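Scroll down for the structure; my scribbles are underneath it.
The values are calculated or read from the model by the stated rules, or taken from the named source; none is laboratory data. This structure is a prediction, so every number in the text was calculated from the model and none was measured. Because the Cβ atoms are built from the backbone with ideal geometry, glycine has one as well, and the counts that use them run over all protein chains shown. Just so you know, the surface numbers come from the protein's heavy atoms only, side chains and all, with ligands and any DNA or RNA stripped out. Shrake-Rupley method; radii C 1.70, N 1.55, O 1.52, S 1.80 Å.
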Amino acid sequence: MTAPTGYHELKKTITEDIFIQDHAARVTTALFERTRAELIAAGGRCWICNKPHTHEDPLELHHSHIERCLMGEVDYGPGSNIRRDLPSFDWDHFDPNNPTELIDDARANGLLLCKLHHTGPLGIHSMTYPEFEAQRYLKEGTPIIEGHVAHFYLEA
């Protein structure tokens, strides 16, 4: 790959080898779908590029704090980091034996992303978090990877 003039290539190879607790097959819950729809109806756009939701190119929802496969290992107790990081969540009615009510609540644990910035080549599942997050702040047209430059959608 040849970097554009004035840029150099930073190549990373990352291998993850982590332990994930055995878990049931992932399902899409009604809470997940309902709260995702609420975020979109409230004018939600891709967190990186501001792309709006369309039926032809729907926004996707990324579990932003805790993925479902890790929810059984999280400390939900008083004084825990998750409680500090999500102070507006209704902890008074939370059942730590059923963490799905937090994990699948898009308002508390969701990040709206377009396909490109979720699972595509510029997505949160495709690059390290510092490079992913930096895309939100780049100047329009900044080269990111071969064939992709920073692009932002203006408010309609």
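Express the carbon and sulfur contribution to the solvent-accessible surface of segment 62-156 as a percent, rounded to the nearest whole number, probe 1.4 angstrom.
53 percent
Evaluate the charge dipole of the chain about its Cα centre and quote only its size in Debye, nearest 20, assuming +1 on the Cβ of each Lys and Arg and -1 on the Cβ of each Asp and Glu.
Details: 14 positive and 24 negative charges, 95 e Å.
Result for the chain is approximately 460 debye, rounded to the nearest 20.
Are there GluC sites (Glu not before Pro) in segment 57-114 that DSSP marks as loop and that have at most 11 other Cβ atoms within 10 Å, and which are they?
Listed in order of number, the matching sites amount to none.
Please label the shape of segment 70-156 as rounded, prolate or oblate, based on the square roots a ≥ b ≥ c of the eigenvalues of the alpha-carbon gyration tensor (a/c under 1.5 means rounded; beyond that, a/b larger than b/c means prolate, else oblate). All intermediate terms of the calculation are to be shown ahead of the outcome.
Values: a/c = 2.84, a/b = 2.44, b/c = 1.16.
Prolate, because a/c is 1.5 or more and a/b exceeds b/c.
Let me check I've understood the local charge: for Arg107, count other residues with C-beta under 11 angstrom from its C-beta, Lys and Arg +1, Asp and Glu -1. What total comes out?
On the way: positive: Arg34, Arg36; negative: Glu38, Asp90, Asp104, Asp105.
Local net charge: -2.
For the pair Glu73/Asn98, report the inter-label distance in nm, with labels modelled 7 Å from Cα in the Cβ direction.
According to this spin-label approximation, the distance is 2.5 nm.
Explain nothing, just compute: Karplus ³J(HN,Hα) = 6.51 cos²θ - 1.76 cosθ + 1.60, θ = phi - 60°, for every residue of segment 75-87 in order, whole Hz, x for Gly and Pro.
7, 9, x, x, x, 6, 4, 5, 5, 5, 6, 10, x
Take the chain, connect every pair of alpha-carbon atoms lying under 10 Å apart with a spring to form a Gaussian network, then pick out the residue of Ile40, Ile103, Ile145 with the largest mean-square fluctuation.
In this elastic network of the chain, the residue with the biggest mean-square fluctuation among Ile40, Ile103, Ile145 is Ile145.
Report the label-to-label distance for Arg136 and Trp91 in nanometres (one decimal), using points 7 Å from each Cα along the Cα→Cβ vector.
Between Arg136 and Trp91, the label points sit 2.3 nm apart.
Say R0 is 30 Å: what FRET efficiency, to the nearest 0.05, do Glu9 and Lys115 get from their beta-carbon distance?
0.75
Using the Cα centre as the reference, give the magnitude of the dipole from point charges on the C-beta atoms of segment 1-79 (Lys, Arg: +1; Asp, Glu: -1; all else neutral), rounded to the nearest 20 debye.
Magnitude of the dipole: close to 280 debye.
Rounding to the nearest 10 and keeping the result within 0 to 90°, find how far the Cα-based axis of helix 30-41 lies from the longest principal axis of the chain.
Once rounded, the angle reads 50 degrees.
Among 76-87, 21-32, how do they line up from the highest to the lowest mean number of other beta-carbon atoms within 10 Å?
Sorting 76-87, 21-32 by mean packing, highest first, produces 76-87, 21-32.
Taking R0 as 22 Å, what FRET efficiency do you get between Asp57 and Thr28 from their Cβ-Cβ distance, rounded to the nearest 0.05?
0.70
Can you give the Rg/Rh ratio of the chain, where Rg is from the C-alpha atoms and Rh is the Kirkwood radius?
Using only Cα positions, Rg/Rh for the chain is 1.01.
For every other residue with a beta carbon closer than 13 angstrom to the beta carbon of Phe152, add +1 if it is Lys or Arg and -1 if Asp or Glu, then tell me the sum.
Once all neighbours under 13 Å are counted, the net charge is +2.
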